[in-house]
Amino acid sequence: MKTPFFPLPSGRPALVPSVLAADFTCLKGSLAPAGKLSDWVQVDVMDGHFVPNLSFGPGIVPSVAAASSLPIDAHLMVEEPGRFLDAFAAAGSGLITVHAEAGSPGACLKKIKALGLKAGLALRPKTPLSKVLPYLPLLDLILIMTVEPGFGGQAFLPEMLPRVAAARKLIAASGRGIWLQVDGGINARTAEAAAGAGADSLVIGSALFSAGDPAAFLRGLRKSL
Ligand code: DX5
(Lines give C-alpha, C1' and ligand atoms only; values in the text may rest on other atoms or scores of the structure.)
Protein backbone atom coordinates (compact mmCIF):
# COMPACT_ATOMS: atom_id res chain seq x y z
CA MET A 1 0.00 0.00 0.00
CA LYS A 2 1.56 3.32 -1.07
CA THR A 3 2.34 5.61 1.84
CA PRO A 4 0.09 8.61 1.44
CA PHE A 5 1.85 11.90 1.93
CA PHE A 6 0.58 13.80 4.98
CA PRO A 7 -0.24 17.29 3.80
CA LEU A 8 0.59 19.93 6.40
CA PRO A 9 -1.64 22.88 5.43
CA SER A 10 0.13 26.22 5.14
CA GLY A 11 -0.74 28.88 7.66
CA ARG A 12 -2.97 26.80 9.92
CA PRO A 13 -2.76 23.64 12.01
CA ALA A 14 -3.75 20.32 10.44
CA LEU A 15 -7.18 19.17 11.65
CA VAL A 16 -7.21 15.44 12.41
CA PRO A 17 -10.52 13.74 13.28
CA SER A 18 -10.09 10.92 15.79
CA VAL A 19 -12.09 7.92 14.59
CA LEU A 20 -12.54 6.76 18.20
CA ALA A 21 -15.50 9.14 18.51
CA ALA A 22 -17.00 8.42 15.07
CA ASP A 23 -20.32 6.63 14.46
CA PHE A 24 -19.28 3.04 13.68
CA THR A 25 -22.75 2.16 12.47
CA CYS A 26 -22.02 4.41 9.51
CA LEU A 27 -18.33 5.29 9.30
CA LYS A 28 -18.64 6.71 5.77
CA GLY A 29 -21.46 9.02 6.78
CA SER A 30 -19.73 9.97 10.01
CA LEU A 31 -16.43 10.83 8.31
CA ALA A 32 -17.96 12.44 5.24
CA PRO A 33 -18.52 15.96 6.68
CA ALA A 34 -14.93 15.96 7.89
CA GLY A 35 -13.61 14.76 4.54
CA LYS A 36 -12.94 17.99 2.70
CA LEU A 37 -12.28 20.05 5.82
CA SER A 38 -9.69 17.84 7.53
CA ASP A 39 -6.13 16.96 6.70
CA TRP A 40 -5.83 13.36 7.85
CA VAL A 41 -7.62 11.00 10.26
CA GLN A 42 -6.33 9.26 13.37
CA VAL A 43 -7.16 5.79 14.61
CA ASP A 44 -6.69 5.50 18.37
CA VAL A 45 -5.41 1.99 19.06
CA MET A 46 -5.70 0.83 22.68
CA ASP A 47 -4.69 -2.56 24.10
CA GLY A 48 -6.27 -2.52 27.57
CA HIS A 49 -2.78 -2.72 29.13
CA PHE A 50 -0.88 0.45 28.23
CA VAL A 51 -4.22 2.23 28.73
CA PRO A 52 -7.28 0.81 30.52
CA ASN A 53 -9.44 0.91 27.40
CA LEU A 54 -9.53 -1.55 24.49
CA SER A 55 -10.34 -0.10 21.07
CA PHE A 56 -9.39 -1.67 17.74
CA GLY A 57 -6.55 -3.32 15.79
CA PRO A 58 -5.13 -2.91 12.28
CA GLY A 59 -8.37 -4.27 10.82
CA ILE A 60 -9.94 -0.85 11.32
CA VAL A 61 -7.55 0.83 8.87
CA PRO A 62 -9.00 -0.57 5.60
CA SER A 63 -12.50 0.33 6.87
CA VAL A 64 -11.42 3.91 7.56
CA ALA A 65 -9.63 4.01 4.20
CA ALA A 66 -12.86 2.88 2.50
CA ALA A 67 -14.84 5.54 4.37
CA SER A 68 -12.48 8.45 3.77
CA SER A 69 -9.81 9.34 1.23
CA LEU A 70 -7.67 11.07 3.88
CA PRO A 71 -4.29 9.70 5.00
CA ILE A 72 -4.42 7.61 8.17
CA ASP A 73 -2.38 8.16 11.31
CA ALA A 74 -2.26 5.22 13.75
CA HIS A 75 -1.73 6.29 17.38
CA LEU A 76 -0.62 3.11 19.14
CA MET A 77 -1.47 3.33 22.84
CA VAL A 78 -0.15 -0.19 23.32
CA GLU A 79 2.50 -1.81 25.52
CA GLU A 80 4.35 -3.61 22.71
CA PRO A 81 3.89 -1.53 19.54
CA GLY A 82 6.68 -3.44 17.78
CA ARG A 83 4.33 -6.40 17.40
CA PHE A 84 1.89 -4.38 15.28
CA LEU A 85 3.94 -2.12 13.00
CA ASP A 86 3.95 -4.42 9.96
CA ALA A 87 0.21 -4.98 10.26
CA PHE A 88 -0.62 -1.26 10.48
CA ALA A 89 1.74 -0.52 7.60
CA ALA A 90 0.25 -3.26 5.43
CA ALA A 91 -3.27 -2.10 6.33
CA GLY A 92 -2.52 1.38 4.93
CA SER A 93 -1.38 3.65 7.77
CA GLY A 94 0.79 6.46 6.44
CA LEU A 95 2.04 7.56 9.87
CA ILE A 96 2.44 5.49 13.03
CA THR A 97 2.92 7.04 16.46
CA VAL A 98 4.26 4.99 19.37
CA HIS A 99 4.52 6.07 23.01
CA ALA A 100 7.85 6.94 24.64
CA GLU A 101 6.63 4.98 27.69
CA ALA A 102 5.93 1.78 25.70
CA GLY A 103 8.36 -0.99 24.73
CA SER A 104 11.46 -0.24 22.61
CA PRO A 105 10.43 3.17 21.17
CA GLY A 106 13.76 3.60 19.37
CA ALA A 107 13.58 0.24 17.60
CA CYS A 108 9.93 0.91 16.72
CA LEU A 109 10.68 4.33 15.25
CA LYS A 110 13.52 2.85 13.17
CA LYS A 111 11.19 0.12 11.93
CA ILE A 112 8.44 2.63 11.05
CA LYS A 113 10.95 4.61 8.98
CA ALA A 114 12.23 1.41 7.36
CA LEU A 115 8.63 0.66 6.38
CA GLY A 116 8.61 4.00 4.52
CA LEU A 117 6.10 5.62 6.88
CA LYS A 118 6.13 8.80 8.92
CA ALA A 119 7.11 8.20 12.55
CA GLY A 120 5.61 9.86 15.62
CA LEU A 121 6.48 9.72 19.30
CA ALA A 122 3.79 10.42 21.91
CA LEU A 123 4.19 11.52 25.53
CA ARG A 124 1.72 10.97 28.34
CA PRO A 125 1.10 14.12 30.40
CA LYS A 126 3.54 13.15 33.17
CA THR A 127 6.43 12.01 30.95
CA PRO A 128 9.30 14.54 30.81
CA LEU A 129 9.63 16.25 27.41
CA SER A 130 13.34 15.40 27.48
CA LYS A 131 12.37 11.79 26.71
CA VAL A 132 12.06 12.71 23.02
CA LEU A 133 15.63 14.02 22.71
CA PRO A 134 17.42 10.74 21.84
CA TYR A 135 14.86 10.04 19.08
CA LEU A 136 14.76 13.43 17.32
CA PRO A 137 16.65 12.25 14.20
CA LEU A 138 13.96 9.62 13.63
CA LEU A 139 10.90 11.79 14.20
CA ASP A 140 8.38 13.28 11.80
CA LEU A 141 5.95 14.11 14.60
CA ILE A 142 5.83 14.64 18.38
CA LEU A 143 2.43 14.08 20.03
CA ILE A 144 1.80 15.91 23.30
CA MET A 145 -1.18 14.27 25.03
CA THR A 146 -3.42 16.85 26.68
CA VAL A 147 -5.40 14.16 28.49
CA GLU A 148 -4.32 10.91 30.13
CA PRO A 149 -4.59 8.51 27.16
CA GLY A 150 -7.34 5.91 27.12
CA PHE A 151 -10.68 7.56 26.55
CA GLY A 152 -12.25 10.21 24.34
CA GLY A 153 -14.43 12.95 25.80
CA GLN A 154 -12.04 13.99 28.58
CA ALA A 155 -11.36 17.60 29.56
CA PHE A 156 -8.27 19.31 28.13
CA LEU A 157 -5.43 19.67 30.67
CA PRO A 158 -4.46 23.38 30.41
CA GLU A 159 -1.26 22.72 32.36
CA MET A 160 -0.02 20.98 29.19
CA LEU A 161 0.13 24.29 27.28
CA PRO A 162 3.60 25.29 28.54
CA ARG A 163 4.73 21.81 27.48
CA VAL A 164 3.39 22.38 23.98
CA ALA A 165 5.29 25.67 23.86
CA ALA A 166 8.45 23.97 25.16
CA ALA A 167 8.10 21.25 22.52
CA ARG A 168 7.76 23.94 19.84
CA LYS A 169 11.01 25.51 21.08
CA LEU A 170 12.74 22.13 21.16
CA ILE A 171 11.70 21.41 17.57
CA ALA A 172 12.86 24.86 16.43
CA ALA A 173 16.23 24.34 18.14
CA SER A 174 16.58 20.93 16.47
CA GLY A 175 16.28 22.52 13.01
CA ARG A 176 14.14 19.56 11.95
CA GLY A 177 10.74 19.76 10.26
CA ILE A 178 9.01 17.81 13.02
CA TRP A 179 5.25 18.27 13.34
CA LEU A 180 3.79 19.04 16.77
CA GLN A 181 0.48 17.26 17.38
CA VAL A 182 -1.87 17.72 20.35
CA ASP A 183 -4.53 15.18 21.28
CA GLY A 184 -7.18 15.23 23.95
CA GLY A 185 -10.05 17.57 24.81
CA ILE A 186 -9.64 19.70 21.68
CA ASN A 187 -12.62 21.96 21.01
CA ALA A 188 -12.97 25.47 19.55
CA ARG A 189 -11.55 27.09 22.68
CA THR A 190 -8.70 24.67 23.45
CA ALA A 191 -7.77 24.43 19.75
CA GLU A 192 -6.93 28.13 19.73
CA ALA A 193 -4.87 27.76 22.91
CA ALA A 194 -3.00 24.71 21.58
CA ALA A 195 -2.31 26.36 18.21
CA GLY A 196 -1.23 29.54 20.00
CA ALA A 197 1.27 27.47 22.00
CA GLY A 198 2.72 26.08 18.78
CA ALA A 199 0.77 22.95 17.83
CA ASP A 200 0.46 22.41 14.07
CA SER A 201 -1.72 19.29 14.19
CA LEU A 202 -4.87 18.97 16.30
CA VAL A 203 -6.60 15.65 16.96
CA ILE A 204 -10.32 16.18 17.50
CA GLY A 205 -12.72 13.46 18.63
CA SER A 206 -15.82 14.10 20.69
CA ALA A 207 -16.06 17.86 20.03
CA LEU A 208 -16.22 17.11 16.29
CA PHE A 209 -18.48 14.05 16.20
CA SER A 210 -20.87 15.38 18.84
CA ALA A 211 -21.27 18.68 16.99
CA GLY A 212 -24.73 19.18 15.47
CA ASP A 213 -23.03 20.17 12.22
CA PRO A 214 -19.47 18.73 12.12
CA ALA A 215 -18.65 20.48 8.84
CA ALA A 216 -19.68 23.86 10.30
CA PHE A 217 -17.62 23.06 13.41
CA LEU A 218 -14.53 22.45 11.24
CA ARG A 219 -15.17 25.50 9.07
CA GLY A 220 -15.39 27.59 12.23
CA LEU A 221 -12.14 26.11 13.53
CA ARG A 222 -10.32 26.80 10.27
CA LYS A 223 -11.49 30.41 10.37
CA SER A 224 -10.44 30.94 13.98
CA LEU A 225 -7.00 29.28 13.76
C1 DX5 B 1 -7.22 9.53 24.30
C2 DX5 B 1 -7.66 9.56 22.87
C3 DX5 B 1 -8.49 10.80 22.66
C4 DX5 B 1 -9.00 10.96 21.27
C5 DX5 B 1 -9.55 12.36 21.12
O6 DX5 B 1 -6.66 8.34 24.59
O7 DX5 B 1 -6.52 9.56 22.01
O8 DX5 B 1 -7.70 11.91 22.98
O9 DX5 B 1 -8.05 10.74 20.36
O10 DX5 B 1 -10.69 12.39 21.88
P11 DX5 B 1 -11.33 13.76 22.38
O12 DX5 B 1 -11.14 14.78 21.28
O13 DX5 B 1 -12.77 13.37 22.59
O14 DX5 B 1 -10.61 14.12 23.61
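The values are calculated or read from the model by the stated rules, or taken from the named source; none is laboratory data. Keep in mind it's a predicted model, so treat the numbers as computed, not measured. All Cβ positions, even for glycine, are placed from backbone atoms using ideal geometry, and neighbour counts span all protein chains on display. What goes into the accessible areas is simple: the full protein's heavy atoms, side chains included, and nothing from ligands, DNA or RNA. Shrake-Rupley method; radii C 1.70, N 1.55, O 1.52, S 1.80 Å.
Points worth noting:
- Phi to ³J(HN,Hα) by Karplus 6.51 cos²θ - 1.76 cosθ + 1.60 over the range 68-85, Hz, x for Gly, Pro: 8, 8, 6, x, 10, 10, 9, 9, 8, 9, 9, 5, 10, x, x, 6, 10, 5
- Where only C-alpha atoms are counted, convex hull volume of the range 14-224 per residue in Å³: 106 Å³
- Qualifying chymotrypsin sites (Phe, Trp or Tyr not before Pro) in the range 1-76, DSSP loop, other Cβ atoms within 10 Å at most 14: F5, F24
- Backbone geometry of the range 188-201 corresponds, through the Karplus equation with coefficients 6.51, -1.76 and 1.60 at θ = phi - 60°, to 3J(HN,Hα) couplings of 4, 6, 6, 4, 5, 5, 5, 5, x, 7, x, 6, 10, 8 Hz, x marking Gly and Pro.
- Accessible surface of the range 16-84 [probe 1.4 Å, protein heavy atoms]: carbon and sulfur percent: 58 percent
- Taking the C-alpha atoms of the range 1-115, convex hull volume expressed per residue in Å³: 109 Å³
- Choice from G198, G29, G175 showing the highest fluctuation, given a GNM over the chain with Cα pairs closer than 10 Å: G175
- Neighbourhood charge, 12 Å Cβ-Cβ cut-off, centred on L138 and excluding it, Lys, Arg +1 and Asp, Glu -1: +4
- Carbon + sulfur, % of accessible area of the range 135-215 - ligands and nucleic acids excluded, 1.4 Å: 58 percent
- Overall, the chain carries a charge dipole of about 640 debye about its Cα centre when +1 sits on the Cβ of Lys and Arg and -1 on the Cβ of Asp and Glu, all other atoms neutral.
- Table column - 3J(HN,Hα) (Hz), the range 26-42, Karplus curve with 6.51, -1.76, 1.60, x for Gly and Pro: 8, 4, 5, x, 5, 8, 4, x, 7, x, 7, 9, 10, 10, 7, 10, 10
- Per residue accessible area in Å² of the range 1-116, where ligands, DNA and RNA are left out and the probe is 1.4 Å: 40 Å²
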